[in-house]
1. Which residue out of 128, 145 is without any contact (Cβ under 8 Å) to a residue 60 or more places away in the chain, farther than 30 Å from residue 57 by Cα and surrounded by 15 or more Cβ atoms within 10 Å (Cβ to Cβ)?
2. With respect to residue 73, determine if the residue is at positive phi and touching a strand residue (DSSP E or B) at 6+ places or on another chain (Cβ under 7 Å).
3. Only one residue in 92, 52, 65, 81 is free of Cβ contacts under 8 Å to residues at least 40 places away in the same chain and either buried (at least 16 other Cβ atoms within 10 Å of the Cβ) or touching a helix residue (DSSP H, G or I) at 6+ places or on another chain (Cβ under 9 Å) (or both), so which one is that?
């Protein structure tokens, strides 16, 4: 699956260079937590790998589509308890260039590849490993150009509360539907072709 995604992204990069599109690669580190798991802190570290394509929609504004693999979940550093989630995520966002920075905001749709919960002894808890197939969220990011084709981005994203990744066993309230992902990413984006 990862190989097919990589071939797809490379094919898009080759095709879009002839038009008014920019494409590139994303590589980074994610730290995450799951709201509602009774733990705090961004203790789960993972990867973010993929690509993006963007197109100008205004003087300083680009519309962007991203497709990438990302690790999410939760981790208790004092025991073996862990929520381990892997997604293929697509993002639809707008980038606005202002005062030397790229400001980004948009929506995310993640498809769960694998999701497991491990108890405090490191054994899989099958009854707690029933996660929703989709993670629908929003993101905000800020980036800075390091080199003409290389940018560094800081990103925060969160599951939209109406679409939790796992419902509470007893529906507690209308506003608190269940567990949600919260993710901080530090990534590099490399542009292919000329700007």
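Where a number appears in this text, it was derived from the coordinates with a stated rule and is not lab data. Values in this document were obtained by computation on a predicted structure and should not be read as measured data. Reconstructed Cβ throughout: ideal geometry from the backbone, glycine too, with neighbour counts over all protein chains shown.
1. Working: 145 fails: farther than 30 Å from residue 57 by Cα.
Result: 128 is the single residue among 128, 145 that is without any contact (Cβ under 8 Å) to a residue 60 or more places away in the chain, farther than 30 Å from residue 57 by Cα and surrounded by 15 or more Cβ atoms within 10 Å (Cβ to Cβ).
2. Details: at positive phi: yes; touching a strand residue (DSSP E or B) at 6+ places or on another chain (Cβ under 7 Å): yes.
When the stated conditions are applied, residue 73 passes them.
3. Numbers: 92 fails: either buried (at least 16 other Cβ atoms within 10 Å of the Cβ) or touching a helix residue (DSSP H, G or I) at 6+ places or on another chain (Cβ under 9 Å) (or both); 52 fails: free of Cβ contacts under 8 Å to residues at least 40 places away in the same chain; 81 fails: free of Cβ contacts under 8 Å to residues at least 40 places away in the same chain.
Result: 65 is the single residue among 92, 52, 65, 81 that is free of Cβ contacts under 8 Å to residues at least 40 places away in the same chain and either buried (at least 16 other Cβ atoms within 10 Å of the Cβ) or touching a helix residue (DSSP H, G or I) at 6+ places or on another chain (Cβ under 9 Å) (or both).
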